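What follows is one structure encoded as structure tokens, with my remarks underneath.
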Amino acid sequence: MRATVTNTLLLLGGVAGLITAGTPATAKTSFDVIFDSGIAGTSYYNTGVKGKMTFDFSKDPGNGNTYTLDLGITNTSPASGASSGTLVGFAFNEPLRGNGSEAISLLSYNPLASGYGRVFGNSDRGIRVNPQESLNISNLGTAPYAPFSNFDFCARMSSRSGCHGGSASTGIAGGTSVKVQFSLKSNDISISTADQVAERFYSLFNSFEPGDSWNKAQIALRFQNVKKANGSKTSSGEKVTGAAFWRIPNEGPTDEVPGPLPVLGAAAAFGWSRKIRRRIQAVNHPSTINL
């Protein structure tokens, strides 16, 4: 518990530093999207289940406009008890240009050994992808995921009922991580480096603020076998969207670019930071802190 709180504080502290420093930040090719359904306005039932997706981009050698996305998926919820659940699906959109066309297109998807092998798009029953096989996804339709709008890509563990419905007996338990991989290309001549690809996705995923309408969400997780914060079980699972944070410490190249501001805003970042500091103090001095 203490390690989790401290790591989150480091992330938020790093974001606050970018906001207040007023100097260019080093370009980065990777970032995390943090999901916390306990934050009002980011989930459907506010059960408290949590997750993280780590986006890591690299440029493919020998091909000027193609890139690899190594995507890590983690269920950061408790393994059991209140606010626990299995992470059974993920969905996200591609960045667009001003004319509505794709600035960056997904070309192929490899589930590796993750178990996220049912991809939804043209078919409500999904396309099954075997481990270590690569699926061409450039011609897939969008995937419905109520109450959100359709997503450009969605993968589930085993459900045949689409991203927005069904149940699953399998999933990533709390404290478990897996990886998947994508191939993608840039359709915009202004995007020519891995850090520019990362920034486009970062800005897209950070465009949702708690309280926005569901159709503004650009990325989402789905949980099943969910227990609410009071320990009772939900019958419909949980759907939650998140916000992107540049990873700390910096793991990107050395090019200097202005550090993008989180759409949640400086006040939200500092508010979360203060809240987490109080939690740390409560862990160290439970008799003196009143949350």
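The values are calculated or read from the model by the stated rules, or taken from the named source; none is laboratory data. Please read these numbers as outputs of a predicted model, since none were measured by experiment. Note that each Cβ is placed from the backbone with ideal geometry, even for glycine, and that neighbours are counted across all protein chains shown.
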Exercise for the section: Could you please tell me which pairs satisfy a Cβ distance under 6 Å, a separation of 6+ or placement on different chains, a first residue in the range 25-42 that is surrounded by 21 or more Cβ atoms within 10 Å (Cβ to Cβ) and assigned to a loop (DSSP other than H, G, I, E, B), and a second residue that is of a type in the set (V, I, T) and modelled with pLDDT of 95 or more? Expected result: S37/V49; S37/V240; T42/V240; T42/T241
Problem - Neighbours by Cβ (under 9 Å, 6+ apart or cross-chain): first from the range 96-123, assigned by TED's automatic domain parsing to the domain that holds R222; second among the acidic types (D, E) and assigned to a strand (DSSP E or B) - result: L96/E102
Practice task
Using the structure shown, decide if S83 is in a loop (DSSP other than H, G, I, E, B) and either in the same structural domain as V180 (by TED's automatic domain parsing) or over 24 Å from N150 (Cβ atoms) (or both).
Solution key: yes
Practice task
Kindly list the number of the only condition in (1) in contact (Cβ under 8 Å) with a residue 12 or more places away in the chain; (2) in a loop (DSSP other than H, G, I, E, B) that fails for G62.
Solution key: (1)
Practice task
Give me a count of the residues in the range 70-125 that are crowded, with 19+ Cβ neighbours inside 10 Å, in contact with a Lys or Arg (Cβ under 6 Å, 6 or more places away or on another chain) and farther than 23 Å from D32 by Cα.
Solution key: 1
Completion exercise
Exactly one of F57, F148 is among the aromatic types (F, W, Y), under 24 Å from S235 (Cα atoms) and in contact with a helix residue (DSSP H, G or I) (Cβ under 7 Å, 6 or more places away or on another chain), and that one is F148
Exercise for the section: Report, by residue number, each residue of the range 124-166 that is small (G, A, S) and within 22 Å of L184 (Cβ to Cβ). Expected result: G126, S134, S138, G141, A143, S149, A155
Completion exercise
Checking S213, S190, S207, S203 in turn, the sole residue that is modelled with pLDDT under 95 and within 13 Å of the chain's Cα centre (by Cα) turns out to be S207
Exercise for the section: Within the range 169-193, count every residue that is farther than 20 Å from R97 by Cα, in a loop (DSSP other than H, G, I, E, B) and among the aliphatic types (A, V, I, L, M). Expected result: 1
